[in-house]
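What follows is a set of notes on a single structure, which appears directly below.
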Amino acid sequence: MKKILTAFAIILFTSYTANSTSLTGGVSEHGAGNVVVDAQTHAPIVDAQISLPQKGYRTKTDKKGAFTLNATINDETILSVQKEGYRPYSITIDKEIASHPMVLGIQKSELMDVVIDSEMLHLGDNTFSSDSANARDFKLQAIGPTYTKQFKMTTNTLNYTNYLVIGSIIGVDTEMARRMKQNTITNSYSSPPEVYFNGKKIAEIKLNGDNQKIKLPKSLIRPDDVNEITIQTGVNQFQKARVDYDDIELMNLSILSE
Ligand SMILES: [Ca+2]
């Protein structure tokens with residue numbers, strides 16, 4: 001998983017790189033030439049909060065929507081963009097991606113959007129191999145193997161298809177992640193993290209990546225009532241002496257209705 005950009009980011013990335021002069025006023029002037037734009041209008045976004053939570057790095061976009069990353073980026077790490085009136089955005093970047101100008105398109109939030117969590121969450125037990133996917137960048141203390149959050153859904157959501165969107169997730173050490181070379185662990189793998197909606201398992205997360213959309217079955221939605229999402233991390237299938245939870249980090253959980 002060397003280049004996990006959202007489809008949209010890839011389009012912007014390729015089509016804007018050549019034009020980034022007009023957007024940023026010159027790549028050299030802004031160092032890295034990174035810019036945040038409105039995904040629809042392509043207008044630069046001023047004062048957007050940019051952060052690399054795993055590195056404790058924060059900055060803001062300037063009047064031209066431009067920003068630089070004054071942080072050492074080697075392994076994959078999550079870059080987060082937050083701006084009032086827009087959906088929380090995150091993208092997994094690495095040294096290679098960060099070495100080119102990034103044009104990040106963020107989307108206006110809709111009335112029905114539900115942001116469940118925009119913080120970075122670490123699930124697991126703080127015990128992990130340095131070969132684990134992205135382990136070297138793990139910084140936060142684990143909140144345990146399970147994350148649960150309650151939120152409201154309106155009756156109106158029944159007229160739409162609803163998704164749980166996981167903005168970014170790293171550290172998943174499943175057999176598939178190993179096969180896809182997302183980690184360098186040779187002697188073990190973990191069961192996939194499981195996602196529960198109102199008590200029913202609705203998905204397994206087998207890979208790391210951005211913007212993973214998990215459909216919420218209509219029959220499970222409690223309209224005009226409290227709904228609950230639970231994410232439980234996987235367990236190392238080769239550690240029999242004790243339970244070794246897969247240490248993962250995820251960011252930007254939201255409900256999308258479309
Ligand atoms: Ca662990």
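Here are some notes:
- In the range 143-161, residue farthest from the chain's Cα centre (by Cα) [restricted to those that are assigned to a strand (DSSP E or B) and not aliphatic (A, V, I, L, M)]: Lys152
- Residue that is surrounded by the most Cβ atoms within 10 Å (Cβ to Cβ), among those in the range 237-258 that are over 19 Å from Gly167 (Cβ atoms) and either among the β-branched types (Val, Ile, Thr) or more than 23 Å from the chain's Cα centre (by Cα) (or both): Asp244
- Residue tally, condition assigned to a loop (DSSP other than H, G, I, E, B) and either of a type in the set (A, V, I, L, M) or within 16 Å of the ligand (Cβ to nearest atom) (or both), over the range 190-247: 20
- Flag if Leu123 is out of contact with any Lys or Arg (no Cβ under 7 Å at 6 or more places or on another chain), within 16 Å of the ligand (Cβ to nearest atom), hydrophobic (A, V, I, L, M, F, W, C) and modelled with pLDDT of 90 or more: yes
- Selected residue (criterion: nearest to Leu250 (Cα to Cα)) from residues of the range 31-74 that are among the hydroxyl-bearing types (Ser, Thr, Tyr), at pLDDT 95 or above and outside any strand (DSSP E or B): Thr61
- Test for Leu79: is it surrounded by 16 or more Cβ atoms within 10 Å (Cβ to Cβ), under 30 Å from Thr186 (Cβ atoms) and either within 16 Å of the ligand (Cβ to nearest atom) or assigned by TED's automatic domain parsing to the domain that holds Glu228 (or both): no
- Scan of the range 192-208 for residues that are surrounded by fewer than 19 Cβ atoms within 10 Å (Cβ to Cβ) and out of contact with any helix residue (DSSP H, G or I) (no Cβ under 9 Å at 6 or more places or on another chain), ordered by number: Glu194, Tyr196, Lys201, Glu204
A quick yes/no check of all residues on (1) surrounded by fewer than 20 Cβ atoms within 10 Å (Cβ to Cβ); (2) at pLDDT 95 or above; (3) under 18 Å from Ser118 (Cα atoms):
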| position | (1), (2), (3) |
| --- | --- |
| Thr148 | yes, yes, yes |
| Thr157 | no, no, no |
| Ala177 | no, no, no |
| Lys181 | yes, no, no |
| Asn187 | yes, no, no |
| Gly234 | no, yes, no |
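- Within the range 228-248, no residue that is outside the structural domain of Gly124 (by TED's automatic domain parsing) sits with its Cβ atom under 7 Å from a residue that is more than 12 Å from the ligand (Cβ to nearest atom) at 6+ positions apart or across chains.
- Count of the range 75-116 residues, restricted to those that are in a strand (DSSP E or B) and touching a residue at least 60 places away in the same chain (Cβ under 8 Å), is 15.
- Residue match in the range 162-172 (condition: more than 12 Å from the ligand (Cβ to nearest atom), free of Cβ contacts under 8 Å to residues at least 24 places away in the same chain and either more than 22 Å from Ile50 (Cα to Cα) or over 19 Å from the mean Cα position of the chain (by Cα) (or both)): no
The values are calculated or read from the model by the stated rules, or taken from the named source; none is laboratory data. Small disclaimer: the values here were computed from a predicted structure and weren't measured. Methodologically, a virtual Cβ is constructed for each residue, glycine included, from the backbone with ideal geometry; neighbour enumeration extends over all protein chains shown.
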